[in-house]
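K.L.:
What follows is a structure written as structure tokens; I'll ask about it next.
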Amino acid sequence: MTSVRKQKTIKQINRKVILNLLRNSGEMSISDISKKISLSKPTLMKIMNHYMKKGLVIITGKWKSTYEGGKKPNIYKFNKYGGYAVGINISASRLFAVITNLKSEIVEPE
């Protein structure tokens, strides 16, 4: 495997790990994510920006700053409405369809 190909594979794996962590953990700061998966903060910021452009991650606010002060960190969250999945079951006598958000929750028609 070439070096470039290996880097792309590692990048894809890191992206998936972060997205799954956010999907399963709720809200987290870059610092929290960095502690859990041992990636640098600049790398995490690149990945977060990638997912925010795609609408899969959103910023929900700011954490409180530490007792030492400093900049308040952003709170990131998986956007379960960043996309939808459609399932259709067709048989001879029946048609059944369902729409879910990205957390597999059935979306009710309004």
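The values are calculated or read from the model by the stated rules, or taken from the named source; none is laboratory data. All values reported here derive from a predicted model rather than from experimental measurement. Glycine also receives a Cβ, built like all others from the backbone with ideal geometry; neighbour counts cover every protein chain displayed.
K.L.:
Filtering the range 71-99 down to residues that are surrounded by 10 or more Cβ atoms within 10 Å (Cβ to Cβ) and of a type in the set (Phe, Trp, Tyr), which residue is nearest to ASN20 (Cα to Cα)? Spell out how you get there, then give the answer.
P.N.:
Taking the range 71-99 first, the residues surrounded by 10 or more Cβ atoms within 10 Å (Cβ to Cβ) are 72-85, 87, 98-99.
The next check asks that each one be of a type in the set (Phe, Trp, Tyr); those that pass are 76, 78, 81, 84.
On the way: TYR76: 13, PHE78: 9, TYR81: 15, TYR84: 16 Å.
Per the criteria, the residue is PHE78.
K.L.:
Look through the range 63-83, keep the residues that are at pLDDT 90 or above and hydroxyl-bearing (Ser, Thr, Tyr), and return whichever of them is nearest to GLY26 (Cα to Cα).
P.N.:
Step one: list which residues in the range 63-83 are at pLDDT 90 or above, which gives 74-83.
Applying the additional criterion that residues be hydroxyl-bearing (Ser, Thr, Tyr) yields 76, 81.
Details: TYR76: 8, TYR81: 14 Å.
Looking at the filtered set, the residue picked out is TYR76.
K.L.:
Tell me which of these LYS54 doesn't satisfy, since it passes every other one: (1) under 29 Å from GLU108 (Cβ atoms); (2) in contact with a strand residue (DSSP E or B) (Cβ under 8 Å, 6 or more places away or on another chain); (3) of a type in the set (D, E, K, R).
P.N.:
(2)
K.L.:
Any residue in the range 14-33 that is surrounded by 13 or more Cβ atoms within 10 Å (Cβ to Cβ), in contact with a Phe, Trp or Tyr (Cβ under 6 Å, 6 or more places away or on another chain), under 20 Å from ASN101 (Cα atoms) and at pLDDT 90 or above?
P.N.:
yes
K.L.:
Return yes when LYS77 is of a type outside the set (A, V, I, L, M, F, W, C) and in contact (Cβ under 8 Å) with a residue 40 or more places away in the chain and no when it is not.
P.N.:
Yes, satisfied.
K.L.:
Still on this structure: Identify, by number, the condition in (1) in contact (Cβ under 8 Å) with a residue 40 or more places away in the chain; (2) in contact with a helix residue (DSSP H, G or I) (Cβ under 6 Å, 6 or more places away or on another chain) that SER34 doesn't meet.
P.N.:
(1)
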